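I have placed the structure first, in the form of structure tokens, so that the comments after it can refer back to it.
The values are calculated or read from the model by the stated rules, or taken from the named source; none is laboratory data. All of these numbers come straight from a predicted model, not from anything done at the bench. Ideal geometry is used to build each Cβ from the backbone, glycine not excepted, and the neighbour counts take in all protein chains shown.
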Amino acid sequence: MVTRYRPRLRRDDPFVAISCDNSLAFKTGTQRSERPVFINKIAPCRHACPIGIDISTAFHLASQGDIDGALRTYLQDNPLPGVCGRVCYHPCEAECSRGNFDESISIRSFERFLSDHGQVDIRGDVPIHSRKEKIAVIGSGPAGLSSSYHLARLGYQVTIFEGRSEIGGMLRYGIPSYRLPRSVLDRDIQRIRSLGIDIQGNTTVGKEVSWKELASFDAIFLAVGLQSGKILFEPFGVESAVITGVEFLADPQKWSLDDSTQKTLIIGGGNVAIDAARTLLRVRNGNGSNITVICPESRDQMPALPEEVNEALEEGIRIVNGWAPDKLHRKDGKLVSLDFYQAEIRIDEASGTLEIMRAGKEVQKHLADKLIVAIGQGMESDILPPGIEVKGGKVVVDEWGRTSLPKFFAGGDAIGEKAFVADAIASGKRGALAISCFLRGRDADTEFQAYHLGKSHTFSFRHFIEGPEKDLVDLKRVVSFDHINTLFFCESPRNNPDRLDPGTRKSTFEEVTRGLEPRQMEEEIARCFRCGTCIDCENCLDFCPDISIIKDARLGMYGFDSDYCKGCGMCSVACPRGVVEMVEETT
Ligand SMILES: Cc1cc2nc3c(=O)[nH]c(=O)nc-3n(C[C@H](O)[C@H](O)[C@H](O)COP(=O)(O)OP(=O)(O)OC[C@H]3O[C@@H](n4cnc5c(N)ncnc54)[C@H](O)[C@@H]3O)c2cc1C
Ligand code: SF4
Ligand code: SF4
């Protein structure tokens with residue numbers, strides 16, 4: 001059924017003429033050389049999100065007060081919104097169109113808000129255990145949890161094998177609780193578990209269970225991560241004084257480092273080094289006088305997230321940049337000091353690899369009782385199935401995560417994805433699609449073509465499940481800032497979350513970053529352009545001089561009456577969010 005509209009005047013309409021009547025007597029449609037096309041498109045934030053979350057639709061639902069619906073939208077693609085709402089490096093915000101207008105939207109805070117305030121039971125939405133095939137997932141970090149979740153949503157029977165006693169991978173045993181409270185992680189995991197996933201903890205495949213014993217599974221997803229911290233020098237005789245960053249973070253109380261008079265050097269410039277320093281500060285009850293982070297990178301080159309570096313500096317952590325370790329000195333079986341040489345980093349843009357060069361003859365000596373080495377992680381070779389192809393310490397996969405062994409797929413840090421949570425989740429989602437195609441004898445490339453988002457390497461899981469005809473959206477087209485009609489928006493400052501003050505937070509594991517207050521969140525929701533998403537603002541029908549805009553109630557989308565639309569393009573100009581565009585008339 002279609003409805004013809006008569007426009008209504010609103011107090012906040014811009015001061016322009018709008019149409020109140022047309023000439024039904026004259027079928028002006030014959031004058032048309034162009035016609036409007038009404039179709040939703042992909043917002044740039046979604047295109048930049050590795051997981052491909054439909055952020056603009058979620059903002060739209062939230063603007064209508066439907067927080068649960070907005071959370072449900074996130075859960076279509078991301079099983080860990082509580083986690084990502086806190087620790088994601090938020091590439092979505094860098095691409096947010098609002099950033100070209102005033103300031104980008106606080107998208108990560110929005111995700112956190114939905115996870116903290118929304119309530120969604122997804123069990124009724126999915127066909128639990130409706131397929132007979134069984135899938136083993138090895139590892140319960142974000143890659144393993146994501147593949148398990150999406151496979152379970154497709155009806156497969158999933159068993160996770162996890163070597164540690166608790167699940168979560170580096171989310172539990174790496175990222176400190178002052179950044180990711182365990183109650184938040186547990187809430188996300190509980191939702192995933194509710195899909196009937198079987199979890200075998202304390203079960204390292206290759207040790208407690210052999211690879212042969214997994215033969216009865218129809219497919220296997222390897223999400224084993226990179227568990228062992230790399231070491232610098234062989235610490236002969238002073239082993240107890242040298243630990244890796246990941247060992248320390250997995251159990252900070254175990255290493256007897258609480259004595260704040262012990263001079264402790266932390267080597268590395270990444271997240272692990274910064275997390276180790278800030279955790280040690282808290283273990284030492286806020287006394288950071290003998291904690292020093294030292295790395296070869298300049299401050300700008302440090303791979304740690306800038307916000308983490310700034311927070312560490314605010315807490316009084318000393319960071320020494322531009323020095324690389326050279327020699328370790330010991331005396332009477334004790335660590336005494338380290339020599340560092342002046343360093344310069346060269347980054348090969350093409351491969352992303354970095355080279356540490358000597359930049360001068362100067363040497364710095366740092367006294368040290370303890371050394372925490374945080375220079376990256378590697379894979380223990382004996383944790384992989386025999387015969388699988390490995391290169392440069394990573395499992396070799398094609399773009400679908402297919403390994404060299406039949407029915408073995410892999411994702412996350414183990415395949416050399418960008419070592420971030422969102423990228424691990426994305427690889428788990430891709431792996432689920434690939435496994436599903438493999439088991440149904442379908443071609444993953446063809447399936448992906450139908451559902452992939454723009455030029456990104458991710459896709460819409462909802463459309464994969466429900467089919468492309470579900471609603472009118474062109475998944476290939478990204479709406480750029482040029483398509484936004486900014487006349488309909490007013491400048492307003494971004495709301496940023498508060499943080500615990502450094503003096504208070506440095507001696508507690510309490511969460512540092514607070515969520516936005518509901519009032520602040522309302523403002524952020526109102527600020528979002530909702531790029532490429534029709535929100536029924538009805539500008540198109542208000543501004544159409546021929547009153548020829550119609551609405552298809554079935555599709556929930558506008559169209560035009562071809563008898564009267566003369567193709568003037570007013571609707572396209574008046575659409576604030578790039579949904580309407582003019583194309584050449586073909587008939
Ligand atoms: C200290 C630290 C801080 C970080 N901070 C951030 C951050 O702020 N933001 C961000 O985006 N990313 C961050 N990261 C990176 C992020 O945590 C990783 O990229 C992500 O966890 C990788 O996920 P994964 O599933 O591939 O592996 P993991 O999370 O490492 O999980 C792998 C799991 O597999 C299990 N396993 C391994 N072998 C076997 C086996 N044979 N049998 C059974 N189980 C096995 C392991 O026990 C582990 O639980 C951080 C990482 C660390 C270490
Ligand atoms: S997962 Fe990360 S990139 Fe994606 S919407 Fe959330 S914060 Fe943005
Ligand atoms: S304005 Fe809203 S929809 Fe547009 S890119 Fe930013 S967050 Fe996404």
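Numbers below:
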{"read-out": "Output for segment 394-440, where each listed residue is out of contact with any Leu (no Cβ under 9 Å at 6 or more places or on another chain) and among the hydroxyl-bearing types (Ser, Thr, Tyr)", "value": "Ser404, Ser427"}
{"read-out": "Enumeration of residues in segment 283-302 that are under 30 Å from the mean Cα position of the chain (by Cα) and either modelled with pLDDT under 95 or part of a loop (DSSP other than H, G, I, E, B) (or both)", "value": "Pro296, Glu297, Ser298, Arg299, Asp300, Gln301, Met302"}
{"read-out": "Among (1) touching a residue at least 24 places away in the same chain (Cβ under 8 Å); (2) within 16 Å of ligand 3 (Cβ to nearest atom) - the single one Glu522 does not satisfy", "value": "(1)"}
{"read-out": "Tally, over segment 303-353, of residues that are over 23 Å from the mean Cα position of the chain (by Cα), surrounded by fewer than 16 Cβ atoms within 10 Å (Cβ to Cβ), among the charged types (D, E, K, R) and within 28 Å of Phe509 (Cα to Cα)", "value": "2"}
{"read-out": "Cβ-Cβ under 7 Å pairs, at least 6 apart or on other chains, segment 104-115 side within 14 Å of Cys528 (Cα to Cα), far side of a type in the set (Gly, Ala, Ser)", "value": "Arg108/Gly85; Ser109/Gly515; Glu111/Gly85"}
{"read-out": "Pairs, first buried (at least 16 other Cβ atoms within 10 Å of the Cβ) in segment 117-133, second in a helix (DSSP H, G or I) and β-branched (Val, Ile, Thr), C-beta under 7 Å, six or more apart", "value": "Gly118/Ile67"}
{"read-out": "Residue that is farthest from ligand 1 (Cβ to nearest atom) [pool: residues in segment 220-242 that are buried (at least 16 other Cβ atoms within 10 Å of the Cβ) and more than 23 Å from Gly139 (Cβ to Cβ)]", "value": "Val238"}
{"read-out": "Among (1) under 30 Å from Ile105 (Cα atoms); (2) at pLDDT 95 or above; (3) within 16 Å of ligand 1 (Cβ to nearest atom) - the single one Gly431 does not satisfy", "value": "(1)"}
{"read-out": "Residue list for segment 80-114, filter: in contact with a Phe, Trp or Tyr (Cβ under 8 Å, 6 or more places away or on another chain) and either within 16 Å of ligand 1 (Cβ to nearest atom) or at pLDDT below 95 (or both)", "value": "Pro81, Gly85, Cys88, Tyr89, Glu111"}
{"read-out": "Only one of Asp188, Asp258 that is acidic (Asp, Glu), within 16 Å of ligand 2 (Cβ to nearest atom) and farther than 22 Å from Ser381 by Cα", "value": "Asp188"}
{"read-out": "Ser104 vs. criteria surrounded by fewer than 24 Cβ atoms within 10 Å (Cβ to Cβ), among the hydroxyl-bearing types (Ser, Thr, Tyr), under 19 Å from the mean Cα position of the chain (by Cα) and farther than 23 Å from Arg430 by Cα", "value": "yes"}
